[in-house]
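The block underneath contains the structure these notes are about, expressed in structure tokens.
The values are calculated or read from the model by the stated rules, or taken from the named source; none is laboratory data. Worth saying up front: this structure is predicted, and the values here are computed from it rather than measured. Here the Cβ is made from the backbone with ideal geometry for all residues, glycine too, and neighbour counts use every protein chain on show. We work out accessible area using only protein heavy atoms, side chains counted, and drop any ligands, DNA or RNA first. Shrake-Rupley method; radii C 1.70, N 1.55, O 1.52, S 1.80 Å.
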Protein chains: 2
Amino acid sequence: MPTTPFDPPALEPGTLRVLPLGGLGEVGRNMTVFEYEGKLLVVDCGVLFPEEHQPGVDLILPDFEPIKGRLDDIVGVVLTHGHEDHIGAVPYLLKLKQDIPIVGSGLTLALTEAKLKEHRIRPFSLTVAEGQHERLGPFDLEFIAVNHSIPDALAVSIRTPAGTVLATGDFKMDQLPLDGRLTDLRAFARLGEEGVDLFMVDSTNADVPGFTPLEREIGPVLDQVIGKSPRRVIVASFSSHVHRVQQVLDAAAAHGRRVALLGRSMVRNMTIAEDLGYLNVPDGVLIDYRKARDLPDDKIVYMSTGSQGEPMAVLSRMANLDHAIEPGPGDTVILASSLIPGNENAVYRVIDGLTKLGAHVVHKGNAKVHVSGHAAAGELLYCYNILKPKNVLPIHGEYRHLMANAKLAQDTGIAPERTILGENGTVIDLKDGDARVVGQLDLGFVYVDGSTVGEITDADLKDRRILGEEGFISVIVVVDASTGKVISGPEIHARGFAEDDAVFESVKPKIAAALAEAAKSGVRDSHALSQIVRRTIGRWVNQSLRRRPMIVPLVIEA
Amino acid sequence: MPTTPFDPPALEPGTLRVLPLGGLGEVGRNMTVFEYEGKLLVVDCGVLFPEEHQPGVDLILPDFEPIKGRLDDIVGVVLTHGHEDHIGAVPYLLKLKQDIPIVGSGLTLALTEAKLKEHRIRPFSLTVAEGQHERLGPFDLEFIAVNHSIPDALAVSIRTPAGTVLATGDFKMDQLPLDGRLTDLRAFARLGEEGVDLFMVDSTNADVPGFTPLEREIGPVLDQVIGKSPRRVIVASFSSHVHRVQQVLDAAAAHGRRVALLGRSMVRNMTIAEDLGYLNVPDGVLIDYRKARDLPDDKIVYMSTGSQGEPMAVLSRMANLDHAIEPGPGDTVILASSLIPGNENAVYRVIDGLTKLGAHVVHKGNAKVHVSGHAAAGELLYCYNILKPKNVLPIHGEYRHLMANAKLAQDTGIAPERTILGENGTVIDLKDGDARVVGQLDLGFVYVDGSTVGEITDADLKDRRILGEEGFISVIVVVDASTGKVISGPEIHARGFAEDDAVFESVKPKIAAALAEAAKSGVRDSHALSQIVRRTIGRWVNQSLRRRPMIVPLVIEA
């Protein structure tokens, strides 16, 4: 695995270059750039959500640096499906150049366009469907149906004279999908016969043994839970999980209940899905939540967001009695969703809050109300055996997932040197059935933070972590510019700090003395004086209070 | 469940009062106070570890407020076992009064004394064993063996003329424990025959169906993994899990490997455990880690701390190549431990780091290398049926755990009104087989933060969260005290903030103008001027940068 950056050679004619900008070594911000004969094709353009060591950050984008100077060479952006980690960064790319065409299925583009509308961008878009072929510049594309936790997902094969790539996007192989739309293994087999030179394959569940259960196994559980509930039912799930919502609508209808959608993204996405025919709403089942409150308790199901414990989403607000709908004894809450690592405490807080209010909480820990959207190890083995690809690049996963996926490929007989463990910025050249790493770019995290993109640095985040853990102390001293004598201060303010300001009385004379000493020896420079203040109070606070707050000395000349 | 505080009545003669100060609604800081005829008995005195919304906090203590004025009435502190969430707050209690006797088993007291030594406290201690009876003031105590993830754990029954309480501490019912020391169901049966008026019972795994697997099922897995490892083996686990370490020692010995202990707490605890005979070290197996590096790679097992991804512990440092032992290809790392909620991201980061270095990582997600230390639902049902207690108080758990435990009690026929769902500060009076809630004290979180105890407030933590998410902007202006005119500034400094300081040039004139306006209308008060500065820059930063940093205006009169 390459970790030290090194420059790739100039791209040879007749060679396809593959450059993942995101999604390798992380679950999120999926994006890969393909280059052939001077033209660039982008597959996916997603965001990554920040972890706790990236406080205050709203979103993380792929680093566009390698393509920033070549926007005119981009022939299109193919979006495999409508999840944030595959489409979320499109607005930020199109802000650099609005007329880059975006290509995807009907639902994928509708969700992307809704997002772009918020950024006031009207894109050039090309809607495609499974089985369709399109040529974008030198790239011959074929779109292939795959099954995932959102409808209308596509894999894409990319043919150039240098060879054929198959990129799965996110997928699983539910053999009895709700919409009958299977991952098209016949197409996989045909491509395999023709020869796949590079297989780029979803690794998310590569370390999960066996097979992902069928989505339709959840229906009877929902049906039973809703059927037995004496009062209101509240279901939380991902706002793009059309099939999960479909099963909730069906179960509600079967028990004579109506369904009110809650949460902005839930309402928006399900309206799009219904308009495009992906969601089949049983006659008269949906009801506006304001009217739903007039129904008897045993006639209503609320379908809401917030299954990950997001503090501002509907479910958290309900648990905090900060929402018009207040759960109580006899109500049932179903978390029909996964538990994304890092969200555990938030989700358990919501479960505890709801339990405390008297609600009965059903979640994947105590009932079968969720299945994953990604292929587990057993399914991936089928893919390798049907495709028999010449080379494999596991994508979409933390390093342990990529590793597990490479191992599966090797178990089916693919040579270890043909399973490439890459990371973001790994440059892979493909020609004559041979894929090899030829470079490693040094890419960074691009943080969206308030109205800024890419301005916040890792040093700023380190400052935030120190401020968040330890608070700060500011010391203001006004000195006479000519004599260096202290005119006013030291005045000390601390925030996020255990002690009240009185504790600092004892250090003020030390600071004054240090400054007087400096003045006597002729120090006038306010930066040098600041350093003296910093050292004096820093040493004192470390020793006497055993803390390491940020220290902000402010020496003002007047 | 009581949530609004209300005062309990004065305690009637002949009545036992039970007051949990910690551990109800949380996993941690277990502590209960029993009062009878003017005397107090404390059972357990543990710490709680902070969550992500409590940044910078080192530890959280039970709120000692209700007993602070009555330290002379405390006849003793019974410690059920040696885990931090049961003994960690003892030093802070003894700092209030050093001669309060502490009572516990040999290992429990040895671990507590090691901790007290760091605080330079030599306690008055009374070592007890299973089967032993002791009278402390008006309380007749009987100690009963229970099985847990640390040896020598005890339940305690507390008899007074008001009735009999049985408090389990933490326990499970491993029927083939490594040390042969079973949870003493014969004693439970005998107490049940005599009549248990209040059963205070561990709820941690009450929502886990079935039975906790046997600790000894892990041994063969460790044996197999260690046997198959071509090079070094590194095992991480809790530093107090004597039986887990025992199984590692045995497996290492069986394969001709020696074991080096790594991490201060691992070395300290295992030295204590070996000295007291709880750990049986096979002849010559232990080796100092400095000498271990001279052994061939296939002759060594490192036994380390850091199984929860703690950044400063040995395993994290190894994963970051910040430790003398650098894992590499062919090495095997075993995380023989649970994954405590909230630690997932940290643990996965360590697993990814080790995988990246080439190590094979075995953890409870892919092998049976951990079992819980707490009784699951099936085991708790046995307890209820053997004891048939008159009243039940589920302890030790988040609200959902307490709730699940109460439900189990009810399933065995205990009336709902006799299963008390309490929280910290719930006052329960027991007399004539009747336990009832008579009050609810308003207790707080007591934060240990650097050298301070109880000084940091929730407002300080809110400041830290704002600082951590958004950073701060300080604005310094020096004004003439008599005229209110600006002499120097505004000078603006920002930290943890996306923009560089240049961005603030455009707001400086606005601040100057606002201050000039104020001066003209006669405002002189520096607090009022500060508020003007705060409003001016606050509005500007919210609107133009879409951020809400902390704003620290400093108006200095000179």
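Within region A:83-102, residues that are closer than 18 Å to A:LEU40 by Cα sit with their Cβ atoms under 7 Å from residues that are assigned to a helix (DSSP H, G or I) and open to solvent by 50 Å² or more (accessible area, probe 1.4 Å), at 6+ positions apart or across chains, in these pairs: A:LEU96/A:LYS68. B:SER451 meets each of the listed conditions (1) at pLDDT 85 or above; (2) under 30 Å from B:GLY46 (Cβ atoms); (3) not assigned by TED's automatic domain parsing to the domain that holds B:VAL165 apart from (1). Looking across region A:346-382, the residues that are open to solvent by 40 Å² or more (accessible area, probe 1.4 Å) and of a type in the set (A, V, I, L, M) come down to A:LEU357, A:LEU381. So B:VAL208 clears everything in (1) touching a helix residue (DSSP H, G or I) at 6+ places or on another chain (Cβ under 8 Å); (2) at pLDDT 95 or above; (3) of a type in the set (Val, Ile, Thr) except one condition, right? Which one? For B:VAL208, the exception is condition (2).
If you take just the strands (runs of 3 or more DSSP E) that sit entirely in region A:1-120, which of them hold at least 2 residues that are of a type in the set (A, V, I, L, M), more than 23 Å from A:PRO394 (Cα to Cα) and in contact with a Pro (Cβ under 9 Å, 6 or more places away or on another chain)? Talk me through it step by step, then tell me what you get.
Numbers: elements: A:16-22, A:31-36, A:39-43, A:59-61, A:74-78, A:102-104.
So the answer is A:74-78.
Looking only at residues in region B:510-551 that are open to solvent by less than 10 Å² (accessible area, probe 1.4 Å) and closer than 18 Å to B:SER488 by Cα, the one that is farthest from the other protein chains (Cβ to nearest Cβ) is B:ALA518.
With region A:122-162 as the region, which strands (runs of 3 or more DSSP E) entirely inside it contain at least 2 residues that are of a type in the set (A, V, I, L, M) and at pLDDT 95 or above?
On the way: elements: A:125-127, A:133-136, A:139-146, A:153-160.
It comes to A:139-146, A:153-160.
Contact map, region B:3-25: first residue of a type in the set (S, T, N, Q), second residue modelled with pLDDT of 95 or more and in a loop (DSSP other than H, G, I, E, B), Cβ cut-off under 6 Å, separation 6 or more or different chains; pairs are B:THR15/B:ALA162. Number of residues in region A:241-256 that are open to solvent by less than 20 Å² (accessible area, probe 1.4 Å) and outside any helix (DSSP H, G or I) equals 1. Tell me, please, whether a residue that is over 30 Å from A:GLY422 (Cα atoms), in a strand (DSSP E or B) and more than 10 Å from chain A (Cβ to nearest Cβ) can be found in region B:337-344. Within region B:337-344 (the criterion being over 30 Å from A:GLY422 (Cα atoms), in a strand (DSSP E or B) and more than 10 Å from chain A (Cβ to nearest Cβ)), the answer is no, since none of the residues qualifies. Screening region B:395-417 for residues that are away from chain A (no Cβ under 11 Å) and among the charged types (D, E, K, R) and picking the one that is farthest from B:CYS45 (Cα to Cα) gives B:ASP411. Among the hydrophobic types (A, V, I, L, M, F, W, C), surrounded by 15 or more Cβ atoms within 10 Å (Cβ to Cβ), touching a residue at least 12 places away in the same chain (Cβ under 8 Å) and facing another protein chain (nearest Cβ under 8 Å), is that true of B:ILE476? Taking the combined requirement at face value, the residue satisfies it.
The set of residues from region A:184-206 being open to solvent by 10 Å² or more (accessible area, probe 1.4 Å), under 25 Å from A:ARG216 (Cα atoms) and within 31 Å of the chain's Cα centre (by Cα) comprises A:ASP184, A:LEU185, A:THR204, A:ASN205. Pairs linking a residue in region B:327-356 that is closer than 16 Å to A:HIS53 by Cβ to a residue that is open to solvent by less than 10 Å² (accessible area, probe 1.4 Å) and part of a helix (DSSP H, G or I), with Cβ atoms under 7 Å and 6 or more positions apart or on different chains, are B:VAL350/B:LEU315; B:VAL350/B:SER316.
Against the condition away from every other protein chain (no Cβ under 14 Å) and open to solvent by 40 Å² or more (accessible area, probe 1.4 Å), how does A:PRO5 come out, does it pass?
On the way: away from every other protein chain (no Cβ under 14 Å): yes; open to solvent by 40 Å² or more (accessible area, probe 1.4 Å): yes.
In short, yes.
Residues in region A:307-338 that are at positive phi and surrounded by 15 or more Cβ atoms within 10 Å (Cβ to Cβ): 1 in all. For region B:423-434, check the following and say yes or no: at least one residue is over 30 Å from A:ASN542 (Cβ atoms), in contact with a strand residue (DSSP E or B) (Cβ under 9 Å, 6 or more places away or on another chain), at the interface with another protein chain (Cβ under 10 Å from one of its Cβ atoms) and touching a residue at least 60 places away in the same chain (Cβ under 8 Å). Yes - at least one qualifying residue is present in region B:423-434.
Between A:PHE188, A:PHE238, A:PHE199, which is touching a residue at least 24 places away in the same chain (Cβ under 8 Å) and in a loop (DSSP other than H, G, I, E, B)? Step through it out loud before you land on a result.
Details: A:PHE188 fails: in a loop (DSSP other than H, G, I, E, B); A:PHE199 fails: in a loop (DSSP other than H, G, I, E, B).
Residue meeting the stated conditions: A:PHE238.
Restricting to region B:495-509, name every residue that is open to solvent by 60 Å² or more (accessible area, probe 1.4 Å) and of a type outside the set (A, V, I, L, M).
If we filter region B:495-509 for residues that are open to solvent by 60 Å² or more (accessible area, probe 1.4 Å), which is where we start, we get B:495, B:500-502, B:505-506, B:509.
Within region B:495-509, B:ARG495, B:ASP500, B:ASP501, B:GLU505, B:SER506, B:PRO509 qualify.
Would you check which residues across region B:480-494 are facing chain A (nearest Cβ under 9 Å) and surrounded by fewer than 21 Cβ atoms within 10 Å (Cβ to Cβ) and list them? The answer is B:ILE487, B:SER488, B:GLU491, B:HIS493.
Annotation: A:THR160 fulfils all but one of (1) free of Cβ contacts under 8 Å to residues at least 60 places away in the same chain; (2) surrounded by fewer than 24 Cβ atoms within 10 Å (Cβ to Cβ); (3) β-branched (Val, Ile, Thr); the unmet one is (1). Listed by position, the strands (runs of 3 or more DSSP E) contained in region B:467-558 that have at least 2 residues being farther than 16 Å from A:LEU554 by Cβ and of a type outside the set (Ser, Thr, Tyr) form an empty set.
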